[in-house]
Amino acid sequence: MKLSPSLLSADFGRLAEEIRAVEDLSAFVHFDVMDGHFVPNLTIGPPVVNALRRHTSVPFDIHLMIERPAVYAPRFRVGPADVITFHVEAVDPPAEVIGVIRGLGCKVGISLRPSTPLEAILPYLPRVDWVLVMSVEPGFGGQRFVPEALDRIRELRELIGDRPVTIAVDGGIKRENVRQVVEAGAEVIIAGSAIYAEGDPAAAARTLIAAAEGR
């Protein structure tokens, strides 16, 4: 299991410090980019994400919950270890978005809402590196995990087969359910409140990792 701490639940006035607090335990740093249209919330954008580059060497996991990912993805400064994820429900055609993100030299991720059938992303599996399964409705942090997501993860694992596609899961993952999520087939766990809502983010991250490993 690889951990990608979500800064949506961090202190926005101390983002660099919040990243460093769990840097040694992180495979990625997760950024939720929201435009107030695709989801009813506004968060951070390219200026903030790009400014944090100099504060860590951990790869960035940038989740675009926006209507026009093909327009805004090129504004992020990314490298081969980073991933930009867009939603299949966005306005821009998925094939176009995949081409744009691939052209930036980073990994390509695709995501879908809990209510969207997995069949919606099947045509694009051969062209992406990462599928982000939302286990809550996108747009807000601190939501309760949707149990039906476990079946979606298992089904997706079967659909991916031998393809080198990573399954990431985001939403409501806590110490109590992380082991189930990993056993269902998740490889990257995105967690926000389970880490940053605690008094000691590093201790909370270690606890989450231990629970994911069955310890």
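FYI, it's all coordinate maths here, none of it is from the lab. Bear in mind that the values here come from a model prediction, so they are computed numbers and not experimental data. All Cβ positions, even for glycine, are placed from backbone atoms using ideal geometry, and neighbour counts span all protein chains on display.
Just a few scattered comments:
- Debye log10 I(q)/I(0) for the range 159-200, one point scatterer per Cα, at q = 0.26 Å⁻¹: -0.91
- Less than 5 angstrom separates the built amide H of residue 87 from those of 66, 111, all sequence-distant by 5 or more or on a different chain.
- Per-residue ³J(HN,Hα) for the range 24-39, Karplus 6.51 cos²θ - 1.76 cosθ + 1.60, θ = phi - 60°, Hz, x for Gly and Pro: 5, 9, 9, 8, 8, 10, 9, 10, 9, 9, 10, 10, x, 10, 5, 10
- Spin-label pair residue 210/residue 122, simplified geometry with 7 Å Cα→Cβ offset, distance in nm: 4.3
- A simple count of charges around residue 67, restricted to other residues whose Cβ falls under 13 Å of its Cβ and scoring Lys, Arg +1 and Asp, Glu -1, yields -2.
- Cut-off under 5 Å, modelled amide H: who pairs with residue 133 long-range: 168, 169, 170
- The modelled label-to-label distance for the pair residue 77/residue 180, using points 7 Å beyond Cα in the direction of Cβ, is 4.2 nm.
- Residue exposure sequence - 124, 196 - by fewest surrounding Cβ within 10 Å: 124, 196
- Label-to-label distance for residue 14 and residue 155 is 4.2 nm, based on points extended 7 Å past Cα in the beta-carbon direction.
- Neighbours of residue 96, meaning other residues whose beta-carbon lies under 12 angstrom from its beta-carbon, give a summed charge of +2 when Lys and Arg score +1 and Asp and Glu score -1.
- The Cα center of the range 79-93 and the Cα center of the range 138-215 differ in position by 20 Å.
- Identified option (computed percent of Cα pairs over 25 Å apart; candidates [x] 40; [y] 45; [z] 31): [z]
- Applying 1/(1 + (r/R0)^6) with R0 = 45 Å to the Cβ-Cβ distance of residue 88 and residue 203 gives a FRET efficiency near 0.80.
- Proximal charge balance of residue 211 [Cβ under 15 Å; K/R count +1, D/E count -1]: +2
- Applying a DSSP loop filter and a limit of 14 other Cβ atoms within 10 Å to the trypsin sites (Lys or Arg not before Pro) in the range 5-78 leaves 77.
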